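Undergrad: Encoded as structure tokens, here's the structure I'll be asking about.
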Amino acid sequence: MEFFAQQFINGLTLGSIYGLIALGYTMVFGIIGMVNFAHGDVFMLSSFIALIFFLILTSWLGLTSVALVFLIVLVVAMLLTALWGWAIERVAYRALRGSFRLAPLISAIGVSIFLSNFVQVVQGARNKPLPPLVRDVIVLYQNEQYTVTLSYKQANIMATTAALLAGFWYLVQRTPFGRAQRACEQDRRMAALLGINVDRTISLTFVLGAALAAVAGLLYLLYYGVVSFSDGFVPGVKAFTAAVLGGIGSLPGAVLGGLIIGLIETFWSAYFSIEYKDVAAFLILIVVLIFKPSGILGRPEVEKV
Amino acid sequence: MSVAGINVLVDETRARMAAAAPPLLSVRNVSAYYGSIRALKGVDIDVNEGEIVALIGANGAGKSTLMMTIFGQPQAREGTITFAGQDITRLPTHEIARLNLAQSPEGRRIFSRMTVRENLQMGAAVNGGKHFAEDLERMCTLFPRLAERIDQRGGTMSGGEQQMLAIARALMSRPRLLMLDEPSLGLAPLVVKQIFAAVRDLNRRDGLTVFIVEQNAYHALKLAHRGYVMVTGSVTMSGTGQALLDDPQVKAAYLEGGQH
């Protein structure tokens, strides 16, 4: 039981990270109907940005306040990654808008390959470690054989995911910008007829998606303490799986899907075999696509024409 | 003097005043293309402040293309379009939409997964939701059906309700010029009557200028002060609504099947 509880916490943490990345996938898909396959690599890139600034602040400038360092790194990583998101949309996707559906998808795969190779070239192929900053844990339960703990890092990851989900849900559902986003999703031409700058709305969506990836990238780096140029791929694809599982286009669905994937992967590793954890995760994608292509919270298609 | 008499007087005064001022919307020698197909061939149309102007024509004559060309989709390749003295020929669509002209487009294009309220909020987006509550109230008085369905999703409403919503959404930006593309399409005669009555009211009471495109020529010309007839991308006839209604050619081509 204690083992189960500990694995549950670990699974929720992993799932929260997947959920955060999945939010970026689902938001971009929700507005332009395109799977931004470069999103996983934007996430990886943001981890590197975070790592670099952590090292600058702690080793070079000698800052010791963990909270302050964390905050600065968070803001800088979000800004710089958002800039990347903006540039990627501008260079690789905007020109292809209105061409056949596969074109931006292929372009996204190109960006993905570019980003991972770019980071490999400039940062090297080896894993880059980050010295642990936060070690504190909360002991939830203890007996002679086993201790169930929740680390500060884990609590931070879950709380951040919950807060960002709530924040973005509010943004999309309740603010004028969110309405403009949804309008662009449903009928871009009509949105333009109502004075919405469609290009800017889409640009901003990519910027927000990248900023979300930056938060995920920072949390990932803090949690695992190591990042490599190839780390965008597998988490990226799993987050995509999460988005599909939850119902792509749905923000709560993305986080729900992320949590499910994270839990399954963790329990699978804990109880069966760690080698097959990815197989288990992707098996879910296949099963979902066969039996419920619209996902758990996918939009119900009841529309009158 | 009867109410009808006063209305005629009002209309005449307005027409005389309008003739003196430059037109609110002016389309000059406009040609537009879809690829290499010339959909508009040197169209000239004026809409004066305070008027209702109807554009009638058969399916595929280019009426909706003109409506969209005024909004820059597609942009006119030749000619100029001016609105309120400003050349809007080369402006991007969303900037044109911020200039006090609004369109209820062909096919209504309601945001089907948004509620009626959200659709109206989208209509008010250009003025940043200022006086939203007041305008919402006005729309609910104009079309009481919308008030009943305010939190219902647009896609679940009937065609007539969607048309009312499309018009109300266009009005939320407080336009000087309202452009209506086929508001009667696919609607029951009674609903068409309601909608046309609402448009007439808006024109008489608030002085709203209306440019309406219709296949339902009889109703449109009855409603309009002036009308234009479009055939395969060109304007072939123009005149007052009544004159066009009485024209034998118009009668033969567009009023066959009588006065629904």
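The values are calculated or read from the model by the stated rules, or taken from the named source; none is laboratory data. Note that this is a predicted model, so its numbers are computed, not measured. Cβ: placed from backbone, ideal geometry, glycine included. Neighbour counts: every protein chain shown.
Undergrad: Please indicate, with yes or no, whether at least one residue in segment B:109-117 is without any contact (Cβ under 8 Å) to a residue 40 or more places away in the chain and outside the structural domain of B:Ile56 (by TED's automatic domain parsing).
TA: yes
Undergrad: Could I ask something else about it? Select, from A:Ala270, A:Ala239, the only residue that is within 24 Å of A:Ala108 (Cα to Cα) and either within 14 Å of chain B (Cβ to nearest Cβ) or of a type in the set (A, V, I, L, M, F, W, C) (or both).
TA: Working: A:Ala270 fails: within 24 Å of A:Ala108 (Cα to Cα).
It is A:Ala239.
Undergrad: Run B:His219 past the list (1) out of contact with any Leu (no Cβ under 6 Å at 6 or more places or on another chain); (2) part of a helix (DSSP H, G or I); (3) without any contact (Cβ under 8 Å) to a residue 40 or more places away in the chain and report the number of the one that doesn't hold.
TA: With (1) out of contact with any Leu (no Cβ under 6 Å at 6 or more places or on another chain); (2) part of a helix (DSSP H, G or I); (3) without any contact (Cβ under 8 Å) to a residue 40 or more places away in the chain applied to B:His219, the lone miss is (3).
Undergrad: Among the residues of segment B:99-109 satisfying the criterion of being more than 8 Å from every other protein chain (Cβ to nearest Cβ) and within 22 Å of B:Asn59 (Cβ to Cβ), which is surrounded by the most Cβ atoms within 10 Å (Cβ to Cβ)?
TA: Per the stated criteria, the residue is B:Ser104.
Undergrad: Another question, if that's okay. Within segment B:170-213, which residues are buried (at least 18 other Cβ atoms within 10 Å of the Cβ), closer than 20 Å to B:Glu137 by Cβ and small (Gly, Ala, Ser)?
TA: B:Ala170, B:Ser173
Undergrad: Here's another thing I want to ask about it. Residues B:Ser104, B:Ser64: which one is in contact (Cβ under 8 Å) with a residue 60 or more places away in the chain and within 22 Å of B:Gly128 (Cα to Cα)?
TA: Working: B:Ser64 fails: within 22 Å of B:Gly128 (Cα to Cα).
The conditions single out B:Ser104.
Undergrad: Another one. Kindly check whether there is at least one residue in segment A:72-79 that is surrounded by 14 or more Cβ atoms within 10 Å (Cβ to Cβ), in contact with an Asp or Glu (Cβ under 6 Å, 6 or more places away or on another chain) and assigned to a helix (DSSP H, G or I).
TA: no
Undergrad: Take the residues of segment A:169-192 that are among the polar types (S, T, N, Q), part of a helix (DSSP H, G or I) and without any contact (Cβ under 8 Å) to a residue 40 or more places away in the chain: which is farthest from the other protein chains (Cβ to nearest Cβ)? Let's see the steps before the verdict.
TA: Just the residues of segment A:169-192 that are among the polar types (S, T, N, Q), to begin with: A:173, A:175, A:181, A:186.
Next, from what is left, pick out any that are part of a helix (DSSP H, G or I): A:173, A:181, A:186.
From what's left, without any contact (Cβ under 8 Å) to a residue 40 or more places away in the chain: A:173, A:186.
Values: A:Gln173: 9, A:Gln186: 5 Å.
For segment A:169-192, the residue satisfying everything is A:Gln173.
Undergrad: Output the residues belonging to segment B:99-128 that are under 24 Å from B:Glu214 (Cβ atoms), among the small types (Gly, Ala, Ser) and not in a loop (DSSP other than H, G, I, E, B).
TA: Result: B:Ala102, B:Ser104, B:Gly123.
Undergrad: Picking from B:Arg98, B:Arg77, which residue would you name as being touching a helix residue (DSSP H, G or I) at 6+ places or on another chain (Cβ under 8 Å), of a type in the set (Lys, Arg) and touching a residue at least 24 places away in the same chain (Cβ under 8 Å)? Talk me through it step by step, then tell me what you get.
TA: Working: B:Arg77 fails: touching a helix residue (DSSP H, G or I) at 6+ places or on another chain (Cβ under 8 Å).
Testing whether each residue is touching a helix residue (DSSP H, G or I) at 6+ places or on another chain (Cβ under 8 Å), of a type in the set (Lys, Arg) and touching a residue at least 24 places away in the same chain (Cβ under 8 Å) leaves just B:Arg98.
Undergrad: Moving on. Under the condition of being of a type in the set (Gly, Ala, Ser) and either outside any helix (DSSP H, G or I) or buried (at least 24 other Cβ atoms within 10 Å of the Cβ) (or both), which residue from segment A:193-210 is nearest to the other protein chains (Cβ to nearest Cβ)? First the steps, then the outcome.
TA: Filtering segment A:193-210 for residues of a type in the set (Gly, Ala, Ser) gives A:195, A:203, A:209-210.
Now narrow it down to the ones that are either outside any helix (DSSP H, G or I) or buried (at least 24 other Cβ atoms within 10 Å of the Cβ) (or both): A:195, A:209-210.
Numbers: A:Gly195: 4, A:Gly209: 21, A:Ala210: 24 Å.
Out of the qualifying residues, it is A:Gly195.
Undergrad: Still on this structure, please answer the following. Scan segment B:25-34 and give yes if some residue there is crowded, with 21+ Cβ neighbours inside 10 Å, within 28 Å of B:Arg204 (Cβ to Cβ), more than 14 Å from chain A (Cβ to nearest Cβ) and in contact with a strand residue (DSSP E or B) (Cβ under 6 Å, 6 or more places away or on another chain), otherwise no. Talk me through it step by step, then tell me what you get.
TA: Going through segment B:25-34, the residues crowded, with 21+ Cβ neighbours inside 10 Å turn out to be B:25, B:27, B:30, B:32.
Right, trim to within 28 Å of B:Arg204 (Cβ to Cβ) and you get B:25, B:27.
Checking the rest, the ones that are also more than 14 Å from chain A (Cβ to nearest Cβ) come to B:25, B:27.
With in contact with a strand residue (DSSP E or B) (Cβ under 6 Å, 6 or more places away or on another chain) added as a condition, the list becomes B:25, B:27.
The answer is yes; a qualifying residue exists.
Undergrad: Identify, please: which residue in segment B:71-98 is in contact with a Phe, Trp or Tyr (Cβ under 8 Å, 6 or more places away or on another chain) and not in a loop (DSSP other than H, G, I, E, B) and is, among those, nearest to the other protein chains (Cβ to nearest Cβ)? Working first, answer last.
TA: Going residue by residue through segment B:71-98, those that are in contact with a Phe, Trp or Tyr (Cβ under 8 Å, 6 or more places away or on another chain) are B:74, B:77, B:93, B:96-97.
Now restrict to residues that are not in a loop (DSSP other than H, G, I, E, B): B:93, B:96.
Details: B:Thr93: 4, B:Ile96: 8 Å.
The residue in question is B:Thr93.
Undergrad: Restricting attention to segment B:113-137, report how many residues are crowded, with 17+ Cβ neighbours inside 10 Å and over 30 Å from A:Ser250 (Cβ atoms).
TA: Residues in segment B:113-137 being crowded, with 17+ Cβ neighbours inside 10 Å and over 30 Å from A:Ser250 (Cβ atoms): 1 in total.
Undergrad: Here's a follow-up. Evaluate segment B:148-159: report whether one residue or more is surrounded by fewer than 18 Cβ atoms within 10 Å (Cβ to Cβ), of a type in the set (Asp, Glu) and more than 10 Å from chain A (Cβ to nearest Cβ).
TA: yes
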